[in-house]
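Worksheet: the structure to be examined is printed underneath.
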Amino acid sequence: MRPGNDTHTSDQLRQELLDLRRGPGLQSSPLHRRLGPQLADLCGVSPAEPESAVRAKVRATLLALSADLPGDLRRAVVLAYALDPVHDYLRLDRRTDQLARELSVQQRTARRRIDEAVARLVRAAVPEIPTDPTDAGPGWHLCAMNALLRLDTLTPELYEARSVVAIRPIDELTVQFSLPRQPNDDAREHGVHADVLFGARIRELTRHNSGQYLRLTLALPRTLEPGERHDLCLHYRLPEGQPMREHYVFQPLAPCAHCTVRLRFPTDGGPATAWRLNGVPPRAVDERTPGPDRLRPDAVGEVTSAFDGLQQGYAYGIAWTFADASHT
């Protein structure tokens with residue numbers, strides 16, 4: 001049974017979340033024995049999975065459900081469930097003390113913050129059905145988004161593998177993609193070829209601003225019920241010879257727990273400099289001053305960066321510069 005939109009289900013999920021935060025939280029072993037049936041279903045956990053996979057799935061789900069909360073409540077979730085490796089104390093009262101210190105409040109106030117965070121987690125996982133469908137929100141959140149941008153091919157190719165979790169019944173979802181022009185690029189033709197490799201089909205593709213922005217409505221293979229997880233993969237390819245700006249960022253439109261960005265450069269023509277963009281305002285993405293978090297390509301020409309608890313409205317990814325201007 002998956003969490004649905006009724007009071008009994010909400011109450012049961014809330015109780016399971018309260019039970020999980022006690023004692024060691026996510027540091028419990030074996031963790032699957034601490035999960036109630038609804039929480040296990042929400043996280044996509046089965047008893048046969050290894051402990052590391054169970055912990056990763058529960059962590060990703062909690063981070064995704066809390067990604068859109070105010071900062072103090074997101075921190076309450078991280079500490080309450082022992083998600084912070086620096087403060088993963090085995091007792092809830094110690095983790096509550098840590099939250100109180102960080103927020104400069106009394107312990108009872110910190111406990112109220114944790115209680116409020118749990119209530120907000122339940123509302124995110126089991127939302128009320130809105131009276132106005134236009135206020136429904138996306139109806140899903142991202143457990144994970146893993147991107148691979150290949151710059152060692154004839155023309156740049158991007159693969160985005162996404163794991164989505166429904167928070168109400170959905171049979172489609174919307175994805176947006178932008179490919180801004182390079183400065184001084186006045187070519188008429190500009191755009192990107194988009195396809196879905198698995199998990200969905202394109203129902204509608206809309207291009208805006210001379211092809212620089214794409215909006216894809218994706219038809220899912222079936223209606224996803226609340227708590228159901230689904231994987232899909234998008235593929236984008238630039239037309240041959242078309243330039244692109246020297247960065248790739250993911251800007252989540254829905255809560256996202258984890259994102260990995262991998263760039264594969266030619267081994268005989270890698271970047272002069274590459275650096276990480278971690279939660280920067282979108283307008284700052286085009287700033288070409290390399291940031292302090294530098295990345296060095298490995299032996300096969302790849303750089304990788306991972307991000308947790310992504311916030312909507314901010315950009316996460318990698319920027320680079322080539323020493324040889326012919327790459328731009």
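The values are calculated or read from the model by the stated rules, or taken from the named source; none is laboratory data. Computed from a predicted model, the values in this text were never measured in an experiment. Note that we place each Cβ from the backbone using ideal geometry, even for glycine, and neighbour counts take in every protein chain shown. Note: areas computed on protein heavy atoms with side chains; ligands, DNA, RNA excluded. Shrake-Rupley method; radii C 1.70, N 1.55, O 1.52, S 1.80 Å.
Points worth noting:
- Student exercise, the chain dipole from Lys, Arg, Asp, Glu Cβ charges, in Debye to nearest 20: 880 debye
- Residue-count net charge about R222 - beta-carbon cut-off 10 Å; Lys, Arg +1, Asp, Glu -1: -3
- With every protein chain in place, the chain: carbon and sulfur % of accessible area (1.4 Å): 47 percent
- Stokes-Einstein translational diffusion, segment 192-328 - Kirkwood Rh over all Cα pairs, 1.567 mPa s, 4 °C, in µm²/s: 76 µm²/s
- Only helices enter the 222 nm calculation for the chain: every DSSP H run of n ≥ 4 contributes -39,500 (n - 2.57), and dividing by all residues gives -7500 deg cm²/dmol, rounded to 500.
- Positive minus negative residues near E172 (Lys, Arg vs Asp, Glu; Cβ under 12 Å): +1
- Look at the dipole of the chain built from charges on Cβ: of V196, H141, A124, the Cα furthest out on the positive end belongs to A124.
- Take 275-283, 313-321, 20-28, 100-108 and order them by the average number of nearby Cβ atoms within 10 Å per residue, most first; the result is 313-321, 20-28, 275-283, 100-108.
- The chain - share of DSSP beta bridges that are antiparallel (%, nearest 5): 90 percent
- Calculated translational diffusion coefficient of segment 16-73 (10 °C, 1.306 mPa s; Stokes-Einstein with Kirkwood radius over alpha-carbon pairs) equals 135 µm²/s.
- Size of segment 67-118: Rg and Dmax of its alpha carbons, in Å, are 9.7, 27.
- Percentage, to the nearest whole number, of Cα pairs in the chain over 30 Å apart: 41 percent
- Since only T273, A48, P243 are under comparison, the one whose Cα sits farthest along the positive direction of the charge dipole of the chain, derived from C-beta charges on Lys, Arg, Asp and Glu, is A48.
- The residues of the chain expose, per residue, 49 Å² of accessible area to a 1.4 Å probe.
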